[in-house]
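The values are calculated or read from the model by the stated rules, or taken from the named source; none is laboratory data. As the structure is a prediction and not an experimental result, all values here were calculated from the model. All Cβ positions, even for glycine, are placed from backbone atoms using ideal geometry, and neighbour counts span all protein chains on display.
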There are 2 protein chains.
Amino acid sequence: MEEFDFIRSIQPNFYRQSSVVKGIGDDAAIVRHTNEDIITTVDTMVEDVHFSSKTTKPYHIGYRALAANISDIAAMGGKPTSYVVSIVIPDSWTADELQEIYQGMNGLAKECNMDLIGGDTVSGEQLVLSITVLGTVLKGKARFRSDAQENDIIFVTGTLGDAACGLHILLNASHTDHEKYQYFINRHRMPMPRVSFINQSDAIKRMSLNDISDGIANEANEIAMASDKTLIIDYDKVPSHPQLFDFSSKQKFKWTLSGGEDFELIGTVSNRDWEQLQVIAKQTDTNISAIGIVRNDYKKNGTVWLQHNQELNRLEKSGYTHLRR
Amino acid sequence: MEEFDFIRSIQPNFYRQSSVVKGIGDDAAIVRHTNEDIITTVDTMVEDVHFSSKTTKPYHIGYRALAANISDIAAMGGKPTSYVVSIVIPDSWTADELQEIYQGMNGLAKECNMDLIGGDTVSGEQLVLSITVLGTVLKGKARFRSDAQENDIIFVTGTLGDAACGLHILLNASHTDHEKYQYFINRHRMPMPRVSFINQSDAIKRMSLNDISDGIANEANEIAMASDKTLIIDYDKVPSHPQLFDFSSKQKFKWTLSGGEDFELIGTVSNRDWEQLQVIAKQTDTNISAIGIVRNDYKKNGTVWLQHNQELNRLEKSGYTHLRR
C-alpha cells in the first residue's frame, strides 16, 4: 500500500467535534476553542520497549497509546478533543496491522468524542507511535500537582496494580490463567482514563492531581515535591482488585505501588470537599478511595511515607528498589 | 545521564510567550490564546531516513525538524507559538549530542519567539525526532490550499532547489566545493521558514498557500487538486540561485521542481492583490516571484502544466519520474 493510500484509509469521514476548523488535508490542522485554555501532551510508544507484539495486538497498541495521552489531559482537569499521530513504520508491518492500530485509537476516540486531525507517516526500523493530544479546560480551572495543602485527603480512583498484573499474566502464565485473569489482561490492554469523573468535578475548588502512569510511588512523590508537602499513605487503604490477593504479597505490593499504566488518578482534596467528591464519583460510576493524608512537616516535605505493618517507611519515587521488604 | 537529569538539562528557564499557562513539569502543558484559532502540525525525522549523521550535525537535526513544522504553520497563514518534542534515543547517542539537537531547536525557536512546553523521552534503536508545533491564526484568516481561483498569479518565495543542491554537495563533492557552495549547504541545514512575510500579509483577503517541503511539482499539484483548478507554471520564471547554473540543466531542473525542504512557500493570489503582496514581500525582506497562472479548464482541472522549451507538458506530483526530459 502506498503511503498516500494508507493515509486515505485512516482518514476520518467526518469530525465529531464542531471545534475542528480544518482536519487532515492541508499543511496543518486548525481547531477553534473560545474561552478555554488549550492542553497538550505527547506520549510515545516504541516496539519492544513499551510493548511487544507477543503480548499486544495492534488494536491495543493504538488504544493504549491514546489512553496514556487522554489520561494526562484528565490529570490536568481537562477534556480531550483531538489528536495527531506520528508513526514510524518498519517494512515488517502489514497495512492491515497498521490499520488496526488506528482502529484501536479510533475505538477510544469515539468513546471520548475526539477527532484525529493530523499526523505524519514515515518509515524506519522500529515501530514508533507518538500521539499528541489536544484538550481544553475552562480558564483557571486546570488541576496542578503543586496544589496539595496540609490536611488534604489523598485519594485514588479505581484499583491499582491491575495493568501490571495483566502484563505479568500475558508474559508468564498458562492459557487457563489467561481466562481466569481476563480482567487484569483487559485492564492492561484497554485502560479507560477517568475523563468523565474529572469533567464533573469542576465544583471542587482546589484539587491536586496526577495520573498514575508509573505507579503511585512515583506519582505521589511528584505531588509531594511540586507542592512541598509530606504525603502519608496507608498501604492497607490502597485499593486492589480482589483477585490480586491470589498473588504473593510481594507481587501485590510491587504492582500496587509501582505498577504502571493503570491510568487511574491520584490527587488530594480538602477534608471539606471530600464528601462532595465522593458524590461526584458515585454519579460518574467511579470508585474512589481515601488512602492517606497530606502533612506539612518541614523536615520531610517533598517526600512520601508509607504506613505498612506498623512501620512508617519512606516511599521512594521508584517503589521497586528503595523500600525495605 | 539519567532521563530525569537530561530532561532538566533541556528545560527552559523561562517562557518567551505570555500565553504559556503551564510549561514543562506537570502531566501536560497549557496555553491560552483568546480570539485565535489554534493550528497544530507534527513532523517526524528518522535517522538514516530523513538525515544521516554523516551530513547533518545534531544542531542541524533539531533546527531542521523544527523548521519543517514552523513552515507548515506559516503555510496556514499562522504564527508558531510553542512546541512539544518526542524523541526516541538509541544508546549510541551521547548526552552532549542530544543537547545539541535541543539547542538547534532552541536556536530557531528563539528567532521565532516560541517555547518548548513539553515532550516525551524514550529509548529505542533508531533516533526519531517528532515535533508537534502549536500556532495561532486570527479567526477565519487561515490560508488553505483550496482557495486558488481562475486567473490568480502563482507565486513562490525565495529560490528553489537550494536545499537539494546543498544535500548533493554534502553527499558527493570535495571539500573545496563545500566552501564554494556554502550557501546551498546552509540552506539545507538551516532553512528559515517564511513566518514574518506571511504574518504581515493579513491584508490580502484571499490567498491559496502551501509550503514547499517536497518540491513545487508536488505542492502545485496539491493546490490544483484541492482548488480543482489548472496550474500553468513557466519553468523559466521559477527562481534559482545564480550558482545553481554551475550544475547540469538536468540537475537544476530536478532540484528546482522536485527538490524538497527549501521550506519556501508557493501560493496563488488575485491579479489585483499581486502588487500589494510584492510590497509586503519587500517590507519583510522576502523575494517573491510570479511563476505562472491559474486556469479553470474543466478538462485539466486538478493538474499542473509546465511551460518549458516551447512545450507545455503535464507536471506530475512526483516531478522526478513522470516528466519528458
Next item on the list: Examine the stretch B:77-95 for a residue that is over 30 Å from A:S318 (Cα atoms), out of contact with any Lys or Arg (no Cβ under 6 Å at 6 or more places or on another chain) and not in a strand (DSSP E or B), and state whether such a residue exists.
Entry: yes
Margin query: Restricting to the stretch A:107-125, count the residues that are touching a Pro at 6+ places or on another chain (Cβ under 7 Å) and more than 7 Å from every other protein chain (Cβ to nearest Cβ).
Written below: 4
Note to self: Step by step: first the residues of the stretch B:126-142, then only those that are in a loop (DSSP other than H, G, I, E, B) and closer than 29 Å to B:I87 by Cβ, then the one that is nearest to the other protein chains (Cβ to nearest Cβ). Which residue is that?
What the structure shows: B:Q126
Check: Counting just the residues of the stretch B:143-154 that are in a helix (DSSP H, G or I) and surrounded by fewer than 23 Cβ atoms within 10 Å (Cβ to Cβ), which one comes out farthest from the other protein chains (Cβ to nearest Cβ)?
Finding: B:D147
Notebook entry, point to check: Of the residues A:L231, A:L209, A:L244, which single one is within 20 Å of A:Y183 (Cα to Cα) and either in a loop (DSSP other than H, G, I, E, B) or touching a residue at least 24 places away in the same chain (Cβ under 8 Å) (or both)?
Noted result: A:L244
Check: Within the stretch A:269-286, is even one residue in contact (Cβ under 8 Å) with a residue 12 or more places away in the chain, part of a strand (DSSP E or B), surrounded by 19 or more Cβ atoms within 10 Å (Cβ to Cβ) and within 23 Å of the chain's Cα centre (by Cα)?
Finding: yes
Check: Within the set of pairs 6 or more residues apart or between chains, which connect a residue that is within 14 Å of B:L134 (Cα to Cα) inside the stretch B:20-41 to a residue that is in a loop (DSSP other than H, G, I, E, B) and hydroxyl-bearing (S, T, Y) with Cβ atoms less than 7 Å apart?
Finding: B:G23/B:Y15; B:V31/B:S19; B:R32/B:S19; B:H33/B:S19
Notebook entry, point to check: Before we move on, is B:P193 within 18 Å of the chain's Cα centre (by Cα), more than 27 Å from B:E100 (Cα to Cα) and not polar (S, T, N, Q)?
Noted result: no
Margin query: Could you check the stretch B:49-86 and list, in sequence order, the residues that are at the interface with chain A (Cβ under 8 Å from one of its Cβ atoms) and over 17 Å from the mean Cα position of the chain (by Cα)?
Written below: B:V49, B:V84, B:V85, B:S86
Next item on the list: Run B:L209 past the list (1) within 12 Å of another protein chain (Cβ to nearest Cβ); (2) over 24 Å from B:Q149 (Cβ atoms); (3) of a type in the set (A, V, I, L, M, F, W, C) and report the number of the one that doesn't hold.
Entry: (2)
Note to self: Checking B:I266 against (1) over 16 Å from B:F184 (Cβ atoms); (2) loosely packed, with under 13 Cβ neighbours inside 10 Å: exactly one of these is not met. Which one?
What the structure shows: (2)
Next item on the list: Identify the single condition in (1) over 22 Å from B:N221 (Cβ atoms); (2) hydrophobic (A, V, I, L, M, F, W, C); (3) in contact with a Pro (Cβ under 9 Å, 6 or more places away or on another chain) that B:A163 does not satisfy, given that it satisfies every other one.
Entry: (1)
Note to self: Out of everything in the stretch A:3-20 that is within 13 Å of chain B (Cβ to nearest Cβ) and buried (at least 19 other Cβ atoms within 10 Å of the Cβ), what residue ends up being nearest to B:V42 (Cα to Cα)?
What the structure shows: A:V20
Margin query: So A:S53 ticks every box in (1) among the polar types (S, T, N, Q); (2) modelled with pLDDT under 95; (3) in a strand (DSSP E or B) but one. Which box is left unticked?
Written below: (3)
Next item on the list: Could you run through the stretch A:150-197 and say how many residues are without any contact (Cβ under 8 Å) to a residue 40 or more places away in the chain and hydroxyl-bearing (S, T, Y)?
Entry: 2
